[in-house]
Amino acid sequence: MLLRRRLLLAAATALCPSFNAAFAFSNQHVLAVRPSQHTTLLFDRIEIRLRSNVCSNNITPIHYSRSKSLALASPSDDVQDTETSKPSSTFKQDVYNVATLIGAQSLLIPIAVFIAQFADLPNIGLGSQFQLGSTAFVDGLRWTLPLFGVALLLRIVEPYSEALKDVTKATQRSVLSVLGSTRRPFFALLVSCILGAVAGIGEEWLFRGVLQTSLVDKFGSSSISLAVSGLVFGLLHAVTPVYALLAGAASVFFGYLYIITNNLAVPMITHAVYDVLALMWAHWSVTALEREEMDAILKDYPQAPVLSTNTYKEGHLNVSDDEDDSPKVYNS
């Protein structure tokens, strides 16, 4: 028993440099050291039960993990009340949140179909020459290059512009709300692909296939249709003034693609592919931030619905790699 205890303490020391082994070996403070219920053979989590200074029967468990996070539980708390205790419920909540967002975005498609039928537009708003094939796919991919070129240019200029910084923060808030604060590549890719496809199809169908086509029929001018549809699109994306301006410019670009190709599939593919890659890049960059930086992004928007698996638990302590080993408290 003593050997097993010493091995576990050695593992805790190796996995968590901030762990005080000398304190743990003191029988005055430690009652038991053992793998947590969620521990694998590699000791991802180790439970250390401490004696209370007041009563020897009042025990507070401490859970160390490889991520150097320290979770304190009260004597009445069950071990399974830690951040990894309810994977099924948090997964269901994640699915519910994402499904709600995708469902709301998908409503643009039936709205576009309804308006197109009411306005008697050809091919329910898709246009008479709509064709989804290899040519449209290649053209759609090719036309993403100017968008990424502009995005790169804006990223270079961003440090000198507070307005662009606000755009980035708005994007990061959205990504944190949709994909959470923990880097999950496969989950993020799946959600990004679905959201990108739904946005690319729904928004292009409604704003280019229906609105832009109706404006051309009414005014007989492509310029007017581009300007009006771009204005409407920008106002509906008015998270910040510059964000609205950039969204309106993107709308004009997609509308121009529809005019020169006469195939709505091309702007649909361009829009969808750009959204997928932009979401993945934003997720990758925002999850590299420190939690203090994430808090700064969300502080003015406490209602932002960060996914349940990534919310900061009450009483959760984070031990950093900095010279200052004092724990930092993050409250939900």
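Heavy atoms of the protein chains alone define the surface here; on that basis segment 217-271 has 47 Å² accessible area per residue at 1.4 Å probe size. Here each label is just a point 7 Å from Cα along the line to Cβ, and for L277 and S223 those points are 3.2 nm apart.
Assuming charge only on the beta carbon of Lys and Arg (+1) and of Asp and Glu (-1), the dipole of segment 155-270 about its Cα centre is about 320 debye to the nearest 20.
The gain in end-to-end length when the I111 to R291 segment is fully stretched comes to 60.8 nm, 0.36 nm per residue minus the alpha carbon separation. Working ranking of peptides 100-108, 191-199 by packing, defined as the average number of other Cβ atoms within 10 Å per residue, highest first, is 191-199, 100-108.
Computed with a 1.4 Å probe over protein heavy atoms only, the accessible area of K299 comes to about 140 Å².
The values are calculated or read from the model by the stated rules, or taken from the named source; none is laboratory data. Owing to the predicted nature of the structure, the values given are computational and were not obtained by experimental measurement. All Cβ positions, even for glycine, are placed from backbone atoms using ideal geometry, and neighbour counts span all protein chains on display. Ligands, DNA and RNA are stripped out before the accessible areas are found, and what is left, the full protein with its side chains, is counted by its heavy atoms. Shrake-Rupley method; radii C 1.70, N 1.55, O 1.52, S 1.80 Å.
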